[in-house]
Structure formats: C-alpha cells, structure tokens
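Below: one structure, written as structure tokens.
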Amino acid sequence: MKKVFIDGSEGTTGLRIFERFEGRDDIEILKIPSELRKDPAEIRKYINASDITFLCLPDAAAREAVAMVENDSTILIDTSTAHRTEPGWAYGCPELSRAHRKAIQTGKRIAVPGCYATGFITIAYPMIAQGILPKDYPVAAFAMSGYSGAGKKAIAVYEAGERDRELDAPREYALNQNHKHLKEMQQITGLEKAPLFSPLICDYYSGMVVTLQFYTDLLKDKPTPEKVHAMFAKYYEGEPFIRVMPFGKEADYNGFLAGNTCSGWDGIEIYVTGNEDRMLVSTRFDNLGKGASGAAVQCLNIILGCDEGKGLVL
C-alpha cells in the first residue's frame, strides 16, 4: 500500500483529490494535523514519509516543498504553475502521446497541467503533431470558466450574501495578455508565438469551455471541419478521458455550449464546428476535474499501474 500525502489538503484542489480517494484500499493517506499544516518541519516530515506527495499550493510554496525532499523515492505531483515547463518534470497530460504517458509512469516529478492549458493543448497539440496547424499560426483562443477556478478567495466573493452586481455577469480578464497558463500553452505545443487568449470568469461554480479559432485557408491543405473532426477521433481513439463528440452534436443543444455541463465529471469533450472558411474547435470539461484534481489522480493511477479512471467519474 502506497503512502500518500496532500500538501495543501484544505484548498479547493486538495479537497477534491481527497474526496476521490474515498473507499480506495491501495493507498494510505498521511494526514497532517490541521494546526501543523503550515509548519515547515512537519511538512518536511510528511513529504519524506510518503511514497507520493501532491502539492496543492501556490507557486512559491510548491517550490519550497520541492526543496524539502530528502527521500529519493518520494514522487511529487504538483498542481501549481511552478514546474509545468521546467526540465525534468513530466507534463501530466498522458493523452498527448505515448512519450507523455511513459514520462508520467516512470517519473519522480509530475506537473499537472493548468485548466485553461488543458483545454487549449488538447486541441493544439494533435493539430500540430498531425501537420494541420503550422507552428507559426497566430492562434487565438477564448474561454469561459466557473468561479471556482479562481481559488478560495474568489469563491467566497462570488458566494457572499452581498456582492458587487458586476459579478452577476461574465467578466473578461487577463487583458494584459500575460495569463499564467500561456507559457505552457506555447511550450508544450511548440507554437512559435504565444496565443492571443481571452478568458472569462462566470457566475457558476465549475466547468469550462476553451475554444480555438482558425481560418481554414491558413491551415495545411485548407481542411474541412469534417476532416479535422476525423483527425481528432482517430488521434484520441481509445482514450477514456477524452470524448470527441459526434460531428454536429452541438445541434442537440440548439447550437449552444454551456460552460457548466461537465461539472463533476473528470473527462473532456471535443467539438469541431464552423464552415469551410472559418472553424472553431472547443473543449468542454470541469476545471476542477480534468482541469485539476481529476488529472492529478489520473497521474497517480498511471504511476501505480492501475486503471487510470480509478476513483474518478467517467
């Protein structure tokens, strides 16, 4: 039985990871006393007593926790932004390629992708790998997310009894084009330029849609939406966490994609829409599921060699 420690177990992601371990008999959770959860000496002790530690922390604290590792056998799964593009860290999106899954399976340092980055890279990486999307394409993307993705403070603001009326409407942010997920979006996919990215935070708890926009005449051989859909279906064939939705499926929702539909689910949906001139590719998932805690637990399952979906909702 593997010993697992969650550093940051009282945060949004940490709590969701803990919930997904309920009823599991293949791991033992090391629980730090609540009053000692910020004590560096105690944290160090628990990290080094574990076989696997989840870091559900702000970036600076995650880096400090990594420096505490003295046990060479301890595996770290970091859900922060701190190490996603760092050498020596496996990027925790196994569906991208065999090499990505192998790196998670054999690595000691795994970085869980950001939620927006998950939606973006799930689209862009295969399109580049299959030669459809040129690396020099000026990619533009927009996204909407439930407010839980902004952390505990934002959750408290949105759920307060009295709040600013502007919170009733979607709010665009990252207007300076310096969103913290941009670095991994560009580096993991190999794009030559960082994408233009416009995210929205909305008045619902969890779930998100990430959409990339393309002029088809700037893609290789001007592919139709049907051809791109077929590529995704083949690329992700057999991946239980990724559902390439039937072409035209959005018609079942009267042409709408709601952001909260996948809340509570740990997979991700892909939609290809548009026409012969302009095409949209969208991912829909739970920012707290495949966008955070679900992806982290999937990585753990790969390390343990068990069913990747164990303890998850698929």
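The values are calculated or read from the model by the stated rules, or taken from the named source; none is laboratory data. All of these numbers come straight from a predicted model, not from anything done at the bench. Glycine also receives a Cβ, built like all others from the backbone with ideal geometry; neighbour counts cover every protein chain displayed.
General observations
- With respect to (1) out of contact with any Gly (no Cβ under 7 Å at 6 or more places or on another chain); (2) among the aliphatic types (A, V, I, L, M); (3) assigned to a strand (DSSP E or B); (4) in contact (Cβ under 8 Å) with a residue 40 or more places away in the chain, the lone exception for Ile121 is condition (3).
- Pairs meeting the criteria (first residue in the stretch 129-154 and closer than 21 Å to Leu196 by Cβ, second residue assigned to a helix (DSSP H, G or I) and of a type in the set (D, E, K, R), beta carbons under 9 Å, at least 6 apart or on different chains) are Ile132/Lys227.
- Residue count for the stretch 65-93 under the criterion of being surrounded by fewer than 16 Cβ atoms within 10 Å (Cβ to Cβ) and under 19 Å from Tyr46 (Cα atoms): the result is 5.
- Scan the stretch 177-188 for residues that are assigned to a loop (DSSP other than H, G, I, E, B) and on the phi < 0 side of the Ramachandran plot and the total you get is 4.
- Of all residues in the stretch 167-194, those satisfying the criterion of being of a type outside the set (A, V, I, L, M, F, W, C) and under 27 Å from Ala258 (Cβ atoms) are Asp168, Pro170, Arg171, Glu172, Tyr173, Gln177, His179, Lys180, His181, Glu184, Thr189.
- Residue-level check: of (1) at pLDDT 95 or above; (2) assigned to a loop (DSSP other than H, G, I, E, B); (3) hydroxyl-bearing (Ser, Thr, Tyr); (4) under 23 Å from Asp266 (Cα atoms), Ser9 misses just (1).
Condition check ((1) modelled with pLDDT under 95; (2) out of contact with any Cys (no Cβ under 6 Å at 6 or more places or on another chain); (3) not in a strand (DSSP E or B)) across all residues:
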residue: Met144; (1), (2), (3): no, no, no
residue: Gly161; (1), (2), (3): yes, yes, yes
residue: Leu167; (1), (2), (3): no, yes, yes
residue: Leu175; (1), (2), (3): no, yes, yes
residue: Pro199; (1), (2), (3): no, yes, no
residue: Gln213; (1), (2), (3): no, yes, no
residue: Glu226; (1), (2), (3): no, yes, yes
residue: His229; (1), (2), (3): no, yes, yes
residue: Glu250; (1), (2), (3): no, yes, yes
